[in-house]
Amino acid sequence: MRKAGQITGGALVCAGKNIAEGMSTYDLDRIIHDYITSHGARPSFLHYSGYPASACISVNDTVIHGIPSKTERLKKGDIVSVDVGAYIDGYHGDSAKTFRVGEVSEAADRLMRSTEESLYEAIKTAEIGMRIGDLSAVIQKYNESRGFSVVRQYVGHGVGRELHEDPEVPNFGKAGHGPRLIAGMVIAIEPMINQGSPEVKVLSDGWTVKTVDGGLSAHFEHTVAITPSGVVILTQPEE
Ligand code: MF3
Ligand code: CO
């Protein structure tokens, strides 16, 4: 799974290097697609339940599952969540990151930092014997104490031979509850955090998830392995 994770993480690095004002989200998806396939992997999301692209690209008030489009162009000040998966040698990697297009507002910056930091706080908490609810509670507290809200309708998940496996990994919940983390488990931890209300809606395309109040949303995700010698962030790109 390290190999799938490294290609997934590398695709996000590649996305970050290419994001520019004026570019279409379709072109960004092509770049990600080419990165994944040229590294010998298959984009995990392409045709998954009929999903039409290799990446989910979710701008500003789009929370997740934004479908790349030739007519949607990135503007200065946008925040862009890019979610990618790569499948190779029988296993998936899954990772997401919210990027800035040029300089963003102070409010957007705070939301992004809180979301990313909460992911790393949860990763720090993950060890054999802890429970999923311990991770959920860390993410919820971290973001709510900074005035942000946690999306309830979508959650993290196990990853492996399938993109989505048990257990569910919610971004809200109670410490001491839920399944225990055991050696060999691989999970995708993925806080989806809103600036305003936690409510979301799905557009008529059947995919695009937006905030109901039009506020910004950020999304960071890593695939992590629980091992006896500690947590390995499989989708962390190696320098
Ligand atoms: N990365 C998403 C997740 O974590 C999956 C995207 S849905 C897809 O569950 F259909 F586009 F694959
Ligand atoms: Co995921």
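The values are calculated or read from the model by the stated rules, or taken from the named source; none is laboratory data. Computed from a predicted structure; not experimentally measured. When we count neighbours, we look across all protein chains shown, and the Cβ atoms used for this are built from the backbone with ideal geometry, even at glycine. What goes into the accessible areas is simple: the full protein's heavy atoms, side chains included, and nothing from ligands, DNA or RNA. Shrake-Rupley method; radii C 1.70, N 1.55, O 1.52, S 1.80 Å.
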Provide a single number: the residues in segment 178-202 that are within 16 Å of ligand 1 (Cβ to nearest atom) and open to solvent by 60 Å² or more (accessible area, probe 1.4 Å). 1
Among the numbered criteria (1) under 15 Å from V224 (Cα atoms); (2) in contact with a His (Cβ under 9 Å, 6 or more places away or on another chain); (3) within 15 Å of ligand 1 (Cβ to nearest atom); (4) open to solvent by less than 10 Å² (accessible area, probe 1.4 Å), which single criterion is violated by G156? (2)
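So which of V80, V104 is more than 16 Å from ligand 1 (Cβ to nearest atom) and β-branched (V, I, T)? Before you say what the answer is, go through the steps one by one.
Numbers: V80 fails: more than 16 Å from ligand 1 (Cβ to nearest atom).
Every option except V104 fails the conditions.
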Scanning segment 42-74 for residues that are small (G, A, S) and away from ligand 2 (no atom under 16 Å from the Cβ), the one surrounded by the most Cβ atoms within 10 Å (Cβ to Cβ) turns out to be S69
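Scan segment 207-231 residue by residue and report those that are in contact (Cβ under 8 Å) with a residue 12 or more places away in the chain, surrounded by fewer than 16 Cβ atoms within 10 Å (Cβ to Cβ) and within 24 Å of H92 (Cβ to Cβ). Let's see the steps before the verdict.
Residues of segment 207-231 that are in contact (Cβ under 8 Å) with a residue 12 or more places away in the chain, as a first pass: 207-228, 230-231.
From the residues that got through so far, the ones that are surrounded by fewer than 16 Cβ atoms within 10 Å (Cβ to Cβ) too are 212-214, 227-228, 230.
Within segment 207-231, T227, P228, G230 qualify.
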Does any residue of segment 126-142 turn out to be open to solvent by less than 10 Å² (accessible area, probe 1.4 Å), in contact (Cβ under 8 Å) with a residue 60 or more places away in the chain and over 25 Å from W207 (Cα atoms)? yes
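Determine if segment 161-169 includes at least one residue that is more than 16 Å from A96 (Cα to Cα) and buried (at least 18 other Cβ atoms within 10 Å of the Cβ).
Initial filter on segment 161-169 (more than 16 Å from A96 (Cα to Cα)): 161-162, 165-168.
Narrowing the set further to residues that are buried (at least 18 other Cβ atoms within 10 Å of the Cβ) leaves none.
There is no residue in segment 161-169 that is more than 16 Å from A96 (Cα to Cα) and buried (at least 18 other Cβ atoms within 10 Å of the Cβ).
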Output the residues belonging to segment 153-174 that are over 13 Å from G93 (Cα atoms) and in a loop (DSSP other than H, G, I, E, B). Q153, Y154, V155, P170, N171, F172, G173, K174
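A quick yes/no check of all residues on (1) assigned to a strand (DSSP E or B); (2) open to solvent by 50 Å² or more (accessible area, probe 1.4 Å); (3) touching a strand residue (DSSP E or B) at 6+ places or on another chain (Cβ under 7 Å):
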residue: D109; (1), (2), (3): no, no, no
residue: R113; (1), (2), (3): no, yes, no
residue: R146; (1), (2), (3): no, yes, no
residue: G176; (1), (2), (3): no, no, yes
The one condition L135 fails out of (1) over 27 Å from I32 (Cβ atoms); (2) within 15 Å of ligand 2 (Cβ to nearest atom); (3) assigned to a loop (DSSP other than H, G, I, E, B) is (3)
Which one of the conditions (1) within 17 Å of the chain's Cα centre (by Cα); (2) of a type in the set (A, V, I, L, M); (3) surrounded by fewer than 16 Cβ atoms within 10 Å (Cβ to Cβ) does I123 fail to meet, given that it meets all the rest? (3)
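Kindly provide the set of residues from segment 89-107 that are over 23 Å from V231 (Cα atoms), assigned to a loop (DSSP other than H, G, I, E, B) and open to solvent by less than 70 Å² (accessible area, probe 1.4 Å), ordered by number.
Matches in segment 89-107: V101, G102, V104, S105.
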For the condition farther than 20 Å from G230 by Cα, within 16 Å of ligand 2 (Cβ to nearest atom) and part of a strand (DSSP E or B), what is the one hit in I187, I193? I193
Within segment 33-77, take every residue that is more than 17 Å from the chain's Cα centre (by Cα) and part of a strand (DSSP E or B) and give me the one that is nearest to ligand 1 (Cβ to nearest atom). R42
